[in-house]
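Shown next, in structure tokens, is the structure this report addresses.
The values are calculated or read from the model by the stated rules, or taken from the named source; none is laboratory data. The structure presented is a predicted model; accordingly, all values stated were derived computationally and were not measured. Virtual Cβ from ideal backbone geometry, glycine too; neighbours counted across all protein chains shown. Heavy atoms of the whole protein, side chains included, go into the accessibility calculation; ligands, DNA and RNA do not. Shrake-Rupley method; radii C 1.70, N 1.55, O 1.52, S 1.80 Å.
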Amino acid sequence: MKNLSRRRFIKNVSAATLAAGTVSFPFVNYGRPLSQQGKLGIALVGLGYYSTDLLSPGLQQTEHCYLAGIVTGTPEKEKIWADKFDIPKKNIYNYQNFDTIADNKDIDIIYVVLPNSMHKEYVIRAAKAGKHVICEKPMALNADECRDMIKACKAAGVSLSIGYRLRYEPYTQEIEKFAREETYGKIQVLNIADGFRMNRPTEHWKIKAAYGGGAMMDMGVYALQAARYSTGKEPVSVTAQQFNPDPEQINEVDETTTFQLEFPDRIVANCMTTFSSSVNFLKINAQKGGYGLEPFQGYSGQHGFLPRGEKFDFPEKHQQAVQMDEMCKAIMDGRPSLTPGEEGLRDMVIVDAIKESCKQGGKKIKL
Ligand code: NAD
């Protein structure tokens, strides 16, 4: 079966049928030979910190995918990556010839790991090239961009996943289960914080507005995600406040944002994110006591705590390897992604409201 005919086939199977698991797709190799023992080929776009330190090492441990190609604007990186990961020259692209990746049968998935302001353009170009897409968080600059990205992927019949790695790891899944099963009774309040001390130079894109920088966009989306998956509910309103105590260092974007989410059933989440300090916890109070994770969103070293001082832990696995494997399995099995574009959109609708509340001096914004 050729690429497109398979994709149309996947599109035509109803979401309900897929969710019910009543259809299983035989593994079809999109018209290329099963090189790498049936693994899907991933091309990383943007070879900065996250691709270098986390995704490429993760791709050495994956069972269902491998690092097949790279897209970089820095010619010196081409040889370094080619030598290190045995990437053939024909699978190395720059931002100018990127669109010709459409003809490369080694590449099944394009993983966009660029500054946030570039996500929309590269996700849409990847979809037009007929490739499945993974896009890093935050999905885009705002909800409207997310809608365009979802539309483009739907039109091309390709899958779109957001790199919410925590949704694939067992600590977070345990927290989601506690909410679903009301293990400790009904949830009442949440306190969530995450941040780090930003030591990057003042010209770095993470503190530039045009690139979609700022604490809320960088780390705040984890706190926001945590409030949503820890309750299993969608917030109905938000209030938010922005702080810039050192405008010589950080002035175009927020250094610290605090935001409060009101959920149905009288649940309130009090969230904070910052570039001023290392902080990382998720604390949930329910009828039968408090539980949570600290840290809750590190790449490793998470710990879980339960009421009455009990603790829980899981064996450590490479989070990004687990995430990419599961995303690839979903594509191969014809299942919907656990973290589709729609999930990124939900967050960005709330981020837009958080920014609006800050602009209006902390006014409550209904969602
Ligand atoms: P980074 O600055 O280290 O890397 C960005 C890459 O984009 C660099 O290789 C840079 O050369 C390239 N680039 C191309 N055009 C550029 C331009 N015009 N300006 C600046 N850089 C340009 O950033 P990063 O920390 O790797 O973050 C990349 C993406 O990954 C972001 O969306 C970020 O939010 C996300 N991220 C996710 C996680 C996670 O845990 N899921 C962790 C870190 C970063």
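For the peptides 293-300, 105-112, residues were scored by their other Cβ atoms within 10 Å and the scores averaged per peptide; the highest-first order is 105-112, 293-300. In whole angstrom, segment 229-367 maps to an equivalent ellipsoid with semi-axes of 28, 21, 19, each derived as √(5λ) from the alpha carbon gyration tensor and ordered largest first. Protection proxy ranking of 240-247, 116-123, 82-89, by the mean of other Cβ atoms within 10 Å over each peptide's residues and highest first, is 116-123, 240-247, 82-89. Relative to the longest principal axis of the Cα atoms of the chain, the long axis of helix 170-181 lies at roughly 60 degrees. Working note: Karplus 6.51/-1.76/1.60 with θ = phi - 60° gives segment 311-319 the couplings 10, 9, 9, 10, x, 6, 9, 5, 4 Hz, where Gly and Pro are set to x. Sequence-distant contacts, meaning Cα pairs under 8 Å at least 6 residues apart, place the relative contact order of segment 251-346 at 13 percent. Applying the Karplus relation 6.51 cos²θ - 1.76 cosθ + 1.60 with θ = phi - 60° to segment 101-107 yields 3J(HN,Hα) values of 4, 3, 8, 9, 6, 6, 9 Hz, where x marks Gly and Pro.
How far is helix 143-156 tilted, in degrees, relative to the longest principal axis of the Cα atoms in the chain, given as a value from 0 to 90 rounded to the nearest 10? Around 30 degrees separate the two axes.
Note on the chain: along the principal axes its Cα atoms extend 55, 52, 36 Å, ordered by decreasing extent. Amide H contacts for GLY290 (H built 1.01 Å from N in the peptide plane; partners 5 or more residues away or on another chain; cut-off under 5 Å): ARG308.
Of all the options GLN173, GLN96, GLN249, the one that moves most in a Gaussian network model of the chain with Cα springs shorter than 10 angstrom is GLN96. Under 21 Å of direct C-alpha separation, and excluding same-chain neighbours fewer than eight residues apart, LYS90 reaches these lysines: LYS39, LYS77, LYS79, LYS105, LYS128, LYS131.
With R₀ set to 22 Å, the beta-carbon distance separating LYS90 from LYS128 gives a calculated FRET efficiency near 0.60.
Taken over the C-alpha atoms, segment 170-316 has Rg and Dmax values of 16.1, 48 angstrom. For the pair ASP265 and GLN188, label points projected 7 Å from Cα toward Cβ lie 1.5 nm apart.
Computed across segment 221-285, the Kirkwood radius stands at 12.9 Å (inverse of mean 1/r, all Cα pairs).
Between ASN142 and ARG308, what is 0.36 nm times their sequence separation minus the Cα-Cα distance? Round to one decimal in nm.
55.6 nm
Along segment 213-225 the Karplus relation, 6.51 cos²θ - 1.76 cosθ + 1.60 evaluated at θ = phi - 60°, assigns HN-Hα couplings of x, x, 5, 4, 5, 7, 10, x, 5, 5, 5, 5, 4 Hz to successive residues, with x for each Gly and Pro.
Rolling a 1.4 Å probe over the heavy atoms of the protein chains gives the chain an accessible area of 45 Å² per residue.
Per-residue counts of other Cβ atoms within 10 Å, averaged by peptide: what ranking do you get for 350-357, 68-75, highest first? Walk me through the numbers on the way to the answer.
Values: 350-357: 21.5, 68-75: 18.9.
Per-residue mean Cβ counts within 10 Å order the peptides as 350-357, 68-75.
The relative contact order of the chain, computed from alpha carbon pairs under 8 Å that lie at least 6 residues apart in sequence, is 19 percent. Roughly how tilted is helix 3-12, in degrees to the nearest 10 and between 0 and 90, from the longest Cα axis of the chain? Rounded to the nearest ten degrees, it is 40. Note on LYS151 and GLN173: their simple-model spin labels are 3.6 nm apart, each label 7 Å out from Cα toward Cβ.
At 1.4 Å probe size, with the rest of the protein present, what percent of the exposed accessible area of segment 170-316 is carbon and sulfur atoms?
On the way: 3260 of 6680 Å².
Using a 1.4 Å probe with all protein chains present, segment 170-316 comes out at 49 percent carbon and sulfur.
Mean-square fluctuations from a GNM of the chain, with a 10 angstrom spring cutoff on Cα atoms, peak among HIS303, HIS204, HIS318 at HIS204.
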